[in-house]
Amino acid sequence: MDDVKYRVAVIGGTGPQGKGLGYRFAKGGHTVVLGSRAAEKGEAVAAEVREKLAGAASAGEVTGAANVDAVEQCDVVLLAVPYDGHDELVASLPLAGKTVISCVNPLAFDKRGAHGKVINNGEGSAAESAQELAPDATVVGAFHNVSAVGLWEEPDDLDEDVIVVGDVVEAKQVAMALAASVTGRVGIDGGKLRLARQLEPFTAVLISINRKYKVHSGLRITGLAEQH
């Protein structure tokens, strides 16, 4: 499934996570449209990504566009936006019929560090909110725990795994295939969409580890077949 090339709109494509994932997807041969509130900003960051891709064999095309235009150009949409303002933005996008990948982490920070926000009294997540707001799209959760710094600065594939959750197998397979552009391995099917409630706040644990050990940590799942 990782031989298929996708057209991916990255909403939040000018932020560190969106830019880094867009770069990795394009490096893997996928076509990427970086979305922004302003088309000019999206194109400026796209130029930065194209410059970084210079000389990369078989890299995909990277352009910038306003968010709605980016979505309309693509079949796959990555949500890489802050949780603040997430619901309003998602509701404004033409997501019907799209495969939507959410890597949104609802986090909060205080004097004790990062921690996960409680969504819908513990019975919700950013990914589930996106699905409720866009019922005619198919939402999966993935790429929550991947370091933005590693995505942009690490020259090789990241030595970690991407866990994908969702209720539709075919949509999960899209995100699992895109994961190969990041880690060199297809992603891991982690179960149903509701498990985003565990994946999203777990990022706070990695942030804590990063601060303690001065690293950019990731998740690695052991015990699977060699292809992972």
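In deg cm²/dmol and to the nearest 500, what is the mean residue ellipticity at 222 nm of the chain if only DSSP H runs of at least 4 residues count, each as -39500 (n - 2.57), divided by the residue total?
-11500 deg cm²/dmol
Which percentage, to the nearest 5, of the DSSP beta bridges contained in the chain is antiparallel?
Roughly 20 percent of the beta bridges in the chain run antiparallel, per DSSP.
Could you work out what % of the accessible surface of segment 95-228 is carbon and sulfur, using a 1.4 angstrom probe and leaving DNA, RNA and ligands out of the count?
49
Which value, in nm² and rounded to one decimal, describes the direction-averaged projected area of the C-alpha convex hull of segment 31-154? Walk me through the intermediate numbers first.
Numbers: hull surface 35.8 nm².
Over every viewing direction, the Cα hull of segment 31-154 projects on average to 9.0 nm².
For segment 94-228, give me the percentage of DSSP beta bridges that are antiparallel, rounded to the nearest 5 percent. Present the calculation step by step, with values, prior to reporting the outcome.
Working: 6 of 13 bridges.
The antiparallel proportion sits near 45 percent.
Could you check the spin-label model distance between V68 and V4? Points 7 Å from the Cα along Cα→Cβ, value in nm.
A separation of 2.9 nm, rounded to one decimal place.
With 30 Å as the limit, write out which pairs from K111/K214; K192/K214; K27/K111; K27/K98 have Cα-Cα distances beyond it, or answer none.
Violating the 30 Å limit, Cα to Cα: K192/K214; K27/K111.
Cut-off 10 angstrom, C-alpha nodes, Gaussian network model of the chain. Which of G15, G191, G85 fluctuates the most?
G85
Taking springs between alpha-carbon atoms closer than 10 angstrom, which of E153, E128, E61 fluctuates most in the Gaussian network model of the chain?
Answer for the Gaussian network model of the chain: E153.
In the calculated pair distance distribution of the chain, what percentage of Cα-Cα distances lie above 22 Å?
47
Starting from the Cα of N120, step 7 Å toward the Cβ, then list every residue of segment 163-185 with an amide N under 14 Å from that point.
Hits in segment 163-185 for N120 at 14 Å: 166-167.
Find the accessible area per residue for the chain; the probe is 1.4 Å, ligands and nucleic acids are left out, and the unit is Å².
With all protein chains present, the chain gives 48 Å² per residue.
Express in nm, to one decimal, how much length is gained between S208 and A57 on full extension, taking 0.36 nm for each residue of separation and deducting their alpha carbon distance.
50.7 nm
Indicate the helices, whole DSSP H runs only, in the chain that combine a mean Kyte-Doolittle hydropathy of 0.0 or more with a Cα extent along their long axis of 20 angstrom or more.
Qualifying helices: 169-183.
Pull out a ≥ b ≥ c, the square roots of the eigenvalues of the alpha-carbon gyration tensor of segment 97-224, then state rounded if a/c is under 1.5, prolate if not and a/b is larger than b/c, and oblate in the remaining case.
Values: a/c = 2.01, a/b = 1.13, b/c = 1.77.
It comes out oblate by the Cα gyration axes.
Fully extended, how many nm does the chain gain between D75 and Q198 (0.36 nm per residue separation, minus their Cα-Cα distance)?
Contour length minus Cα-Cα distance gives 41.6 nm.
The values are calculated or read from the model by the stated rules, or taken from the named source; none is laboratory data. Since we're looking at a predicted model, the values are computed, not measured. FYI the Cβ positions are ideal-geometry reconstructions off the backbone, even for glycines, and counts take in every protein chain you see. Please note that ligands, DNA and RNA were not included when accessible areas were found on the heavy atoms of the full protein model with its side chains. Shrake-Rupley method; radii C 1.70, N 1.55, O 1.52, S 1.80 Å.
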